[in-house]
Amino acid sequence: MNPSSPSQTYRRELKAGLRDIAPIMVAALPIGLLFGAVAASKGLSWLEVMIMSATVFAGGAQFAAIEAWAHPALIAALAFATLLINARHVLMGASLSPKVEMSRTQKFLAFFFLTDEAWALSERRALERPVTGAYWAAMAVLLWANWTLSTTVGAVLGSFLGDPARIGADFAFTALFIGLVAGFGRSRVTLITVGVSAAVAALVHYFIGAPWHVASGALAGIAAAYLAAPKEPRS
């Protein structure tokens, strides 16, 4: 068989996608289990957790929503906070779209599975070659399946373990975010953005309450980043 035949290329791209995403899938497992346990402690069933993860598929937004979960749920506030948290996907999709070998319709369907990890891996691969549909499917769809399964298992286990706060597990995702923010660098703009966002979120949480602190912190951070960014010199 010709080594450059379409079937060979397809299998090679599938293997490349699986190879690249495998370490991230392993790292995402404990986070998914934690989310499922936290969601179960808020009263969600394993089926509701599975449907939420399969249809929303946004770890940060899901954690933000479940943190502010109440009965009855404040749908408008949760939707607005989720929109702000995931707004970065618009820029990520615009950046990646010209580098993916898919039709427009295929991109609309494929980018449902867009995550920070899938975007970063695809951008890195695009430096050497175009991102094929086979590579994207093996990478992005597997990560989606991994997240949906791990959160569902976490919900099942969480219903037996009880409140994760008893063992401090509820702080694990917060600690992860602190670590990610700490790795962003020490530039003036970064420090101002993080500081303003944190201060506003803390004040809103204290005086108004959840979930408005998430949206307020995000908006304040965006405004601070814009104001603190160096201005382009005029020609």
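Can you give the FRET efficiency to the nearest 0.05 for L29 and F112, using r as the Cβ-Cβ distance and R₀ = 25 Å? For L29 and F112, the calculated efficiency is 0.70.
Residue by residue, segment 187-195 carries 3J(HN,Hα) couplings of 5, 4, 5, 5, 5, 5, 4, 5, x Hz when phi is fed to the Karplus relation 6.51 cos²θ - 1.76 cosθ + 1.60 (θ = phi - 60°); x denotes Gly or Pro.
Laboratory data are not the source of any read-out in this text; all were calculated from the coordinates shown. Bear in mind the structure is a predicted one, so any value in this text is a computation, not a measurement. Because the Cβ atoms are built from the backbone with ideal geometry, glycine has one as well, and the counts that use them run over all protein chains shown.
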